[in-house]
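The values are calculated or read from the model by the stated rules, or taken from the named source; none is laboratory data. Bear in mind that the values here come from a model prediction, so they are computed numbers and not experimental data. Here the Cβ is made from the backbone with ideal geometry for all residues, glycine too, and neighbour counts use every protein chain on show.
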Amino acid sequence: MNNKYQSPLSERYASKEMQYIFSPDMKFKTWRKLWIALAEVEKELGLSITQEQIDELKEHAEDINYDVAKEREKLVRHDVMSHVYAYGEQCPNAKGIIHLGATSCYVGDNTDIIIMTEALKLVKKKLVNVIAELSKFAVEYKDLPTLGFTHFQPAQPTTVGKRASLWLMDLVYDLEDLDHVIDNMRLLGSKGTTGTQASFLELFEGDHGTIKKIDGMIAEKMGFDKCQPVSGQTYSRKIDSRVLNILSGIAQSAHKFSNDIRLLQHLKEVEEPFEKNQIGSSAMAYKRNPMRSERMASLADYVISDAMNPALVASTQWFERTLDDSANKRLSVPEGFLAIDGILDLYLNVVDGLVVYPKVIESRLMKELPFMATENIMMDAVKAGGDRQELHEKIRVHSMAAGKIVKEEGKENDLLERIANDPSFGMTMEQLEAIMEPKNFVGRAPQQTEEFVSEVIKPILDENKEMLGMTAEITV
């Protein structure tokens, strides 16, 4: 195993659950379920297929003879026909009715839809759990004032919980998109070589009414409520693009979150979890690098760029079918899902262990708060009889001077002392310090956070409560 390439997505990042969904077992067992469904539908609609033949197919639905299929593919260079042959070896009585009237895309495309749907459901489960964990964090810290940033420059204060609600809102958008795509996943059905169902017209002697029933019956047997209403030989490759755009959206949200956490860790305000024996740097023993957040960003870059693959494939297909999609799909779709699976595990792990340092947060906020309190100070001084225009100019001059000694001399912000010593304001140091209460500057941040979690997040969690309770272990 150590002398050939192994995908890091399987070895390091993705869960066993997601790996199984894209495994050969899942793929080829689904092929056989589709062949059984087709045979059952054809029997139910009047073709001369016996129950004994179907029972034989069911008996070997799980025990795939991979060795026979692989040897056959070397000879015929066709994966579907190789597995038809291998299935027929195990089911000699049913051999003649396997894949009857179908084309390769009957198993290939329907299986892709089934697999992507199952993968989307797992993504949803993990996304809902991230939302649940992050909402707990938002509520816990909804009242903790922190310095806000615009352009990563000090701005009006917010709260730690309100900032978390912004991360949550991005995930809510992703969940809305995800639900829409899951609800609209349709099987291909059995459309034939150019999508016209001509082979079934032959099999059922031109009975259009009977042929119209085939797709719906197959869909029901495979757990779907609908098939593509029209298609060429394949389902439109826009579906793959649509699906990977969902993954890209989640990756964008995760990347934004990881950026903020890394910046906050630099500021020593919030840190991702750091294990007792974890090494931050091979050279600098003191370092606590944000490894998980960096990995999230790295995998997110991959998923965002990976979404270009099905977009290019969909836009360059020819007429009813070309095969320049196949090799790309085998790479881009599974690996996009494996990567987003790893991202969501990391997201859940990070949120579950976030460490907040209120004293550092308070210290940074208090250093900047005098600048932000100048409007309040000016209004109080005006109420006491001061001239608004004169006070505005004095505050501007004092602010520039205070900012200069902070930046050029590395000294503490002395804006309040300057104002207290200016008789134009008529305010004592005690009065000024009383104004410097952080919670007075966060607006409705606590209330916004509480209302958002109660009105938006709680209904989501209630609707999906059977999915909750996941934890995430990080491999390395």
Self-check item: Selection from region 213-265 of residues that are closer than 27 Å to residue 340 by Cα and of a type in the set (Val, Ile, Thr)
Solution: 234, 239, 243, 246, 250, 261
Quiz item: Would you say residue 360 is over 21 Å from residue 468 (Cα atoms), at pLDDT 95 or above and of a type in the set (A, V, I, L, M, F, W, C)?
Solution: yes
Exercise. Within region 233-247, count every residue that is assigned to a loop (DSSP other than H, G, I, E, B) and crowded, with 20+ Cβ neighbours inside 10 Å.
Key: 4
Quiz item: Can you name the residue in region 313-346 that is within 13 Å of residue 302 (Cα to Cα) and either without any contact (Cβ under 8 Å) to a residue 40 or more places away in the chain or of a type in the set (D, E, K, R) (or both) and is also surrounded by the fewest Cβ atoms within 10 Å (Cβ to Cβ) among such residues?
Solution: 331
Quiz item: Quick one: in region 14-32, which of the residues that are closer than 30 Å to residue 95 by Cβ and hydroxyl-bearing (Ser, Thr, Tyr) is surrounded by the fewest Cβ atoms within 10 Å (Cβ to Cβ)?
Solution: 20
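Conditions (1) closer than 24 Å to residue 103 by Cα; (2) modelled with pLDDT of 95 or more; (3) in a helix (DSSP H, G or I), marked per residue:
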{"site": "157", "(1), (2), (3)": "no, yes, no"}
{"site": "163", "(1), (2), (3)": "no, yes, yes"}
{"site": "166", "(1), (2), (3)": "no, yes, yes"}
{"site": "170", "(1), (2), (3)": "no, yes, yes"}
{"site": "174", "(1), (2), (3)": "no, yes, yes"}
{"site": "180", "(1), (2), (3)": "no, yes, yes"}
{"site": "185", "(1), (2), (3)": "yes, yes, no"}
Quiz prompt | Matching residues, region 248-266, being in contact (Cβ under 8 Å) with a residue 40 or more places away in the chain, buried (at least 18 other Cβ atoms within 10 Å of the Cβ) and closer than 19 Å to residue 148 by Cα | solution = 257, 258, 261
Exercise. Examine region 366-373 for a residue that is more than 30 Å from residue 134 (Cα to Cα), in contact with a strand residue (DSSP E or B) (Cβ under 8 Å, 6 or more places away or on another chain) and modelled with pLDDT under 95, and state whether such a residue exists.
Key: yes
Quiz item: Just checking, how many residues over region 94-103 are surrounded by 20 or more Cβ atoms within 10 Å (Cβ to Cβ) and assigned to a helix (DSSP H, G or I)?
Solution: 1
Quiz item: Looking at (1) in contact (Cβ under 8 Å) with a residue 40 or more places away in the chain; (2) of a type outside the set (Lys, Arg); (3) closer than 22 Å to residue 362 by Cα; (4) assigned to a helix (DSSP H, G or I), can you tell me which one residue 443 breaks?
Solution: (4)
Exercise. Specify the residue that is surrounded by the most Cβ atoms within 10 Å (Cβ to Cβ); the eligible residues are those in region 63-86 that are in contact (Cβ under 8 Å) with a residue 24 or more places away in the chain and touching a Phe, Trp or Tyr at 6+ places or on another chain (Cβ under 7 Å).
Key: 83
Practice problem: Please enumerate the residues belonging to region 372-407 that are under 26 Å from residue 145 (Cβ atoms) and of a type in the set (Val, Ile, Thr). | Solution: 374, 377, 382, 395, 405, 406
Practice problem: Just one of (1) over 15 Å from residue 376 (Cβ atoms); (2) in contact (Cβ under 8 Å) with a residue 12 or more places away in the chain; (3) hydroxyl-bearing (Ser, Thr, Tyr) trips up residue 399, so point out which. | Solution: (1)
Exercise. Scan region 406-419 and report the pairs whose first residue is outside any helix (DSSP H, G or I) and whose second residue is among the basic types (Lys, Arg), with Cβ atoms within less than 6 Å and a gap of 6+ or a chain change.
Key: 413/367
Practice problem: Output the helices (runs of 4 or more DSSP H) that fall wholly within region 1-78 and possess 2 or more residues being more than 30 Å from residue 336 (Cβ to Cβ), or say none. | Solution: 24-44, 51-59, 66-76
Practice problem: Just give me the residues in region 132-146 being buried (at least 23 other Cβ atoms within 10 Å of the Cβ) and either aliphatic (A, V, I, L, M) or part of a helix (DSSP H, G or I) (or both), in sequence order. | Solution: 134, 135, 138
Exercise. Inspect region 342-359 for any residue being charged (D, E, K, R), under 25 Å from the mean Cα position of the chain (by Cα) and either part of a helix (DSSP H, G or I) or at negative phi (or both) and give the result as yes or no.
Key: yes
Practice problem: Kindly establish whether residue 385 is surrounded by 13 or more Cβ atoms within 10 Å (Cβ to Cβ), outside any helix (DSSP H, G or I) and at positive phi. | Solution: no
